[in-house]
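Colleague: Sharing a structure, written as structure tokens. Questions coming.
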Amino acid sequence: MSSAPDAQPDSAAIASALKTAMRHMPSPVALISATDAATGEPAGLAATAFVPVAMEPPSMLVCVNLGGSAHAVIESTGAFCINVIGLAQADELLPFAIPDRREERFQGAAWGERHGLPFLAGAAANIFCRTARRDIFGTHEIFIGEVFDVIVVDFPDPTNFAVGKLFTKA
């Protein structure tokens with residue numbers, strides 16, 4: 001078995017190539033939401049970096065950019081909701097994905113509150129988590145949340161993201 005290469009790779013070039021490669025891998029899309037304990041205001045971000053960790057205990061992992069506006073809220077609150085969006089909620093994505101549209105977040109959609117967390121009613125799934133572990137790696141903080149509640153619609157229509165576009169199963 002060979003060992004890792006000794007040469008130092010060009011990390012900017014590797015990051016660019018990885019980003020291109022990942023654009024071709026379909027990923028589900030979620031809006032991660034939390035409530036600022038100090039102001040009571042909702043905060044959130046769009047994410048494709050979320051996965052289940054275990055079923056015993058039920059847990060989920062989300063990766064949040066350290067420089068993102070929702071990071072400090074999720075970090076200090078210790079709880080978050082993963083709102084897995086369906087095609088019917090696709091219009092909700094852009095305000096969470098584009099910082100200049102931040103003021104449009106949580107406007108006009110069926111946002112409700114449960115366990116003190118904002119959640120998108122009618123989403124394919126709403127997964128409510130309490131932060132159990134955290135770790136910083138590079139530009140992101142990894143949050144592992146223990147799931148304490150889940151809402152799933154009867155006929156989910158989950159949306160995926162690939163090659164810069166949203167799509168659902170055909």
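Colleague: Can you name the residue in segment 61-83 that is open to solvent by less than 20 Å² (accessible area, probe 1.4 Å) and in a strand (DSSP E or B) and, of all such residues, is farthest from T39 (Cα to Cα)?
Modeller: V62
Colleague: Next question, about the same structure. Kindly indicate the residue of segment 90-109 that is assigned to a loop (DSSP other than H, G, I, E, B) and among the aliphatic types (A, V, I, L, M) and also surrounded by the most Cβ atoms within 10 Å (Cβ to Cβ) among those meeting that condition.
Modeller: Per the stated criteria, the residue is A109.
Condition check ((1) hydroxyl-bearing (S, T, Y); (2) at pLDDT 80 or above) across all residues:
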residue	(1), (2)
S16	yes, yes
K19	no, no
L31	no, yes
G44	no, yes
V64	no, yes
A70	no, yes
E75	no, yes
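Colleague: Further question: Which residue pairs have Cβ atoms closer than 6 Å, lie 6 or more positions apart in sequence or on different chains, and pair a first residue in segment 42-63 that is under 18 Å from P118 (Cα atoms) and of a type in the set (G, A, S) with a second residue that is surrounded by fewer than 17 Cβ atoms within 10 Å (Cβ to Cβ) and modelled with pLDDT of 95 or more?
Modeller: From segment 42-63, the pairs are A43/D36.
Colleague: Now, a different point. Can you find a residue that is in contact (Cβ under 8 Å) with a residue 40 or more places away in the chain and loosely packed, with under 12 Cβ neighbours inside 10 Å anywhere in segment 32-41?
Modeller: no
Colleague: Something else: Does segment 49-59 hold any residues that are closer than 20 Å to E92 by Cβ and either outside any loop (DSSP other than H, G, I, E, B) or open to solvent by less than 20 Å² (accessible area, probe 1.4 Å) (or both), and which are they?
Modeller: F50
Colleague: Which residue, of A125, A97, is of a type in the set (G, A, S), over 20 Å from S76 (Cα atoms) and modelled with pLDDT of 90 or more?
Modeller: Testing whether each residue is of a type in the set (G, A, S), over 20 Å from S76 (Cα atoms) and modelled with pLDDT of 90 or more leaves just A125.
Colleague: Given the conditions (1) part of a strand (DSSP E or B); (2) among the small types (G, A, S); (3) more than 15 Å from V29 (Cβ to Cβ); (4) touching a helix residue (DSSP H, G or I) at 6+ places or on another chain (Cβ under 8 Å), and given that A46 satisfies all but one, which numbered condition is not satisfied?
Modeller: It is condition (3) that A46 fails.
The values are calculated or read from the model by the stated rules, or taken from the named source; none is laboratory data. Every value quoted in this text rests on a predicted model; they were computed, and no experiment measured them. Methodologically, a virtual Cβ is constructed for each residue, glycine included, from the backbone with ideal geometry; neighbour enumeration extends over all protein chains shown. Accessible surface areas use protein heavy atoms only, side chains included; no ligands, DNA or RNA. Shrake-Rupley method; radii C 1.70, N 1.55, O 1.52, S 1.80 Å.
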